[in-house]
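Take a look at the structure below.
The values are calculated or read from the model by the stated rules, or taken from the named source; none is laboratory data. Predicted model only: the values in this text are computed from it and were never measured. With ideal geometry, Cβ positions are generated from the backbone for all residues, glycine too; neighbour counts draw on all protein chains shown. Surface areas here come from the heavy atoms of the whole protein model, side chains and all, with no ligands, DNA or RNA. Shrake-Rupley method; radii C 1.70, N 1.55, O 1.52, S 1.80 Å.
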Amino acid sequence: MGTSVQVTPLSGAYGEGPLCYLLAVDGFRFLLDCGWTDLCDTSQLQPLAKVAPTIDAVLLSHPDMMHLGALPYAMKHLGLSAPVYATEPVFRLGLLTMYDHFLSRWQVSDFDLFTLDDVDAAFQNVVRLKYSQNYLLNDKGEGIVIAPHVAGHLLGGTVWKITKDGEDVVYAVDFNHRKEMHLNGTVLGSFVRPAVLITDAYNALNNQGYRKKQDQDFIDSLVKVLASGGSVLLPVDTAGRVLELLLILDKYWGDRRLEYPIYFLTNVSTSTIDYVKSFLEWMGDQIAKSFESSRANAFLLKKVTLIINKEELEKLGDTPKQVVLASMASLEVGFSHDIFVEMANEARNLVLFTEKGQFGTLARMLQVDPPPKAVKVTMSKRIPLVGDELKAYEEEQERIKKEEAIKASLVKEEELKASHGSNAKASDPMAIDASSSHKSAKAGSHFGGNNDILIDGFVPPSTSVAPMFPFFENTAEWDDFGEVINPDDYTMKQEETDSALMLGPGDGLDGKIDDGSARLLLDSTPSKVISNEMTVQVKCSLVYMDFEGRSDGRSVKSVIAHVAPLKLVLVHGSAESTEHLKMHCAKNLDSHVYAPQIEETIDVTSDLCAYKVQLSEKLMSNIICKKLGEHEIAWVDAEVGKEDEKLVLLPPSSAPPPHKPVLVGDLKLSDFKQFLENKGWQVEFSGGALRCGEHITVRKIGDSQKGSTGSQQIVIEGPLCEDYYKIREHLYLQFYLL
């Protein structure tokens with residue numbers, strides 16, 4: 001049998017809840033994402049609580065609440081202690097997301113599910129990897145290799161490939177095949193025939209239009225409202241899809257020379273953009289090329305003002321004609337909640353949602369058709385204590401301090417008693433043996449052993465401690481070169497080395513919060529939260545435009561068909577979209593399709609038999625390898641034998657028959673087009689084929705029936721002329737010939 005693989009959804013199955021899945025690979029237990037909603041409902045984490053202490057590793061795919069929001073809580077309360085793996089942007093931006101969420105909660109409630117220290121502690125365990133970096137796990141995970149790959153959707157977003165014994169398990173949720181202003185599309189399409197593909201059905205029923213038209217409609221909607229004297233609120237996430245929106249707005253405002261102010265308001269807005277400026281290598285090719293050629297950083301936003309509190313907005317936003325991007329996207333808490341309450345009563349204003357609201361949140365309630373005419377909201381704020389309340393608070397704090405001091409003194413007394421107990425002599429090398437003391441006293445200045453100390457005038461009790469440090473003789477071995485050492489004592493463990501490399505110098509967790517937010521937290525003035533419920537009349541316009549940055553249903557089906565996994569596991573999507581995609585894949589793909597419920601474990605172990613064989617030295621000496629990326633490939637004719645109960649490949653006993661030449665590689669017409677253009681050819685796409693010069697056409701034909709991954713054919717059409725043979729020669733250079 002192949003590698004043993006089991007999948008158990010802990011959340012985010014047959015529904016749009018947070019993403020969290022348990023993956024077991026030959027007994028090694030991965031936690032794939034650790035999401036939570038903005039509601040922070042602990043009941044959602046009950047399935048995770050049952051397995052958290054048994055997790056061996058956590059893989060994070062995106063830096064937003066739905067993918068990592070529960071990580072600090074799980075590590076503090078649920079016993080999760082496994083190492084966490086993520087890309088650098090997911091680590092940095094995920095940390096800022098959690099800071100922003102905590103600060104938004106703390107300002108309007110006595111939030112105690114986790115603290116900023118808990119956030120720091122959780123992210124302290126993160127090992128950061130680069131795209132396509134193969135990371136070999138140790139100990140229990142020996143033989144398992146994990147590698148992050150580009151997912152699109154969010155900066156640093158990851159498709160995880162987990163490999164064991166040559167079989168791949170691919171975890172790809174919330175991917176985007178489209179190139180965007182700041183991100184490349186996913187590389188998921190380059191994976192072919194993995195043993196298991198775990199992906200989502202979130203957009204299975206949605207089809208998107210052209211991106212340029214979508215961007216234009218977005219800008220036109222904003223300008224129309226601003227021109228009529230209204231303001232626009234965009235509820236956004238902290239450091240995810242908001243980055244694409246900021247670039248779109250900054251570009252169009254500059255191109256059209258618009259003067260309407262744009263404000264980006266979160267508790268960590270300046271820190272977010274500062275970090276993003278340094279992540280250009282993680283972004284799209286266009287941004288990287290622009291920086292290389294002109295040193296122009298796309299996130300030096302010229303038309304966007306970064307602010308970190310509502311007081312700044314009130315000072316700057318003295319005109320009603322403004323665009324405000326404020327967290328949180330759910331409208332449950334945060335600046336977006338308060339600004340919505342202020343803007344909702346004006347018919348000329350617009351609240352534009354760029355993503356579907358989470359279930360049970362105010363944003364989701366406002367996105368129903370038709371929207372409600374009035375909603376009940378709770379307005380809360382933190383104010384300093386004064387008068388009798390302040391006096392009572394100080395008295396309570398004084399009482400608590402006294403109780404803690406008494407407890408500390410009692411604990412110290414117990415420790416002293418324990419240290420002077422009957423077994424102190426056995427455990428402490430400085431304890432004096434009474435019998436030895438008598439002998440030493442009679443012997444004058446003679447000491448009977450390392451720990452016997454002469455004390456003139458009295459005999460110390462057996463439980464006393466020696467008044468000086470004892471002398472221990474150095475018994476180390478010596479040779480001609482000096483003292484004999486154990487090299488293992490001076491060798492860093494592999495995990496310590498990897499951790500040091502991944503963390504890098506100067507990677508402390510200080511300086512992640514903006515100065516204003518830091519001052520807010522460091523303010524030790526006693527305070528309380530006051531709340532009042534109110535009904536808000538919703539007179540403003542409410543519009544939803546899809547800027548979530550996920551592949552639509554048509555593209556998801558196409559990508560899955562191209563990848564053609566042996567077994568497909570569908571998660572995270574409404575019941576309708578999950579069933580729709582499940583039926584489509586079962587009908588059109590040659591794959592086993594699964595859609596498990598929450599806490600339902602499915603066994604997706606490969607039906608293939610895998611054997612480990614050793615190549616004999618005699619066989620290897622006759623093999624000529626060719627370099628293919630990071631690997632070397634060769635054609636091998638051999639016979640299987642056995643040596644020491646192991647399977648071994650031996651040279652064939654007779655001459656093997658000749659084999660047909662094999663071309664190894666996966667040609668992308670877009671890459672071939674770029675190659676030919678660099679060679680000076682005039683090339684263009686026409687009807688799905690690549691037209692080269694005047695007469696030659698290159699076409700890619702593959703067997704798309706039932707998701708087959710049979711050999712793809714590259715067809716060259718045209719007359720047998722000089723151009724034909726040159727194009728064919730260039731085409732052969734794209735492959736490896738065996």
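Charge dipole (Cα centre; +1 on Lys/Arg Cβ, -1 on Asp/Glu Cβ; no other charges) of region 275-369 amounts to roughly 340 debye.
Within the accessible area of the chain, the carbon and sulfur atoms contribute 52%, probe 1.4 Å, all protein chains present. Size descriptors for region 1-127: radius of gyration and Dmax over Cα atoms are 14.2, 55 Å.
Here region 663-737 is treated as a Stokes sphere of Kirkwood radius computed over C-alpha pairs; at 20 °C and 1.002 mPa s its diffusion coefficient rounds to 165 µm²/s. The reciprocal of the average 1/r between distinct C-alpha atoms defines the Kirkwood hydrodynamic radius, which for region 77-173 equals 15.2 Å. Normalising by the residue count of the chain, find the relative contact order in percent from Cα pairs under 8 Å and 6+ residues apart. Taking the mean separation of contacting Cα pairs over the length of the chain, I get 17 percent.
Simple rule: put +1 on each Lys or Arg Cβ and -1 on each Asp or Glu Cβ in the chain, find the dipole, and look at LEU71, SER577, LEU188; the Cα lying farthest toward the positive end is SER577.
Shape class for region 150-239, computed from the alpha carbon gyration tensor (a ≥ b ≥ c): prolate, with a/c not under 1.5 and a/b above b/c. Computed from the Cβ-Cβ distance with R0 of 51 Å, the FRET efficiency linking ASN125 to LYS587 stands at 0.75. Between SER293 and LYS140, the modelled labels are 5.1 nm apart [label points 7 Å from Cα along Cα→Cβ].
With the highest mean first, a sort of the peptides 200-206, 683-689 on other beta-carbon atoms found within 10 angstrom per residue produces 200-206, 683-689.
Evaluated at q = 0.18, 0.20, 0.24, 0.29 Å⁻¹, a Debye calculation over the C-alpha positions of region 15-67 (equal weights, vacuum) places log10 I(q)/I(0) at -0.58, -0.70, -0.96, -1.22. Peptides 358-367, 81-90, ordered by how many other C-beta atoms sit within 10 Å of their residues on average, highest first, read 81-90, 358-367. How large is log10 of I(q)/I(0) for the chain at q = 0.06 Å⁻¹ when the intensity is taken from the Debye formula with one equal scatterer per alpha-carbon? Log10 I(q)/I(0), no solvent term: -0.51. In order along region 69-78, the Karplus-derived 3J(HN,Hα) couplings, from 6.51 cos²θ - 1.76 cosθ + 1.60 at θ = phi - 60°, round to x, 8, 4, x, 5, 5, 6, 7, 10, 9 Hz, and Gly and Pro are given as x. Rounded to the nearest 0.05, what FRET efficiency is calculated for GLN6 and TRP681 with R0 set to 45 Å and r the Cβ-Cβ distance? The formula returns an efficiency of 0.30 here. Think of a 1.4 Å ball rolled over the protein heavy atoms: region 261-362 then has 42 Å² of accessible area per residue. Taking the Cα centre of the chain as reference, the dipole from Cβ charges on Lys and Arg (+1) and Asp and Glu (-1) amounts to some 2720 debye.
Summed over the residues of region 663-737 and divided among them, the accessible surface reaches 65 Å² per residue at a probe radius of 1.4 Å. Considering helices alone, the calculated mean residue ellipticity of the chain at 222 nm is -9500 deg cm²/dmol, with DSSP H runs of length four and up weighted by -39500 (n - 2.57) and normalised per residue. Full extension of the segment from SER81 to GLU533, taken as 0.36 nm per residue of separation minus the current Cα-Cα distance, would add 158.7 nm. Placing pseudo-labels 7 Å out from each Cα toward the beta carbon at GLU600 and GLU342 gives an inter-label distance of 4.8 nm.
What FRET efficiency would be calculated for the residue pair LYS700, LEU608, taking the C-beta separation as r and a Förster radius of 30 Å, to the nearest 0.05? Efficiency, from the Cβ-Cβ distance: 0.60. Name all residues of region 675-703 having a backbone nitrogen under 19 Å from the label point set 7 Å from the Cα of LYS179 along its Cα→Cβ direction, giving them as ranges. Under cut-off, by backbone N: 675-691. With charges set only on the Cβ (+1 for Lys and Arg, -1 for Asp and Glu), what does the dipole of region 663-737 come to about its Cα centre, in debye to the nearest 20? With Lys and Arg at +1 and Asp and Glu at -1, about 200 debye.
Reducing region 182-210 and region 257-288 to their Cα centroids gives an inter-centroid distance of 26 Å. Annotation: extensible slack from LYS391 through ASP274 equals 37.9 nm (criterion: 0.36 nm per residue apart, minus Cα-Cα distance). The amide H of LYS381, built 1.01 Å from its N in the peptide plane, has ILE530 as neighbours under 5 Å, considering only residues 5 or more places off or on other chains. Packing-based ranking of 174-182, 611-619 yields 174-182, 611-619, ordered from highest to lowest mean Cβ neighbour count within 10 Å.
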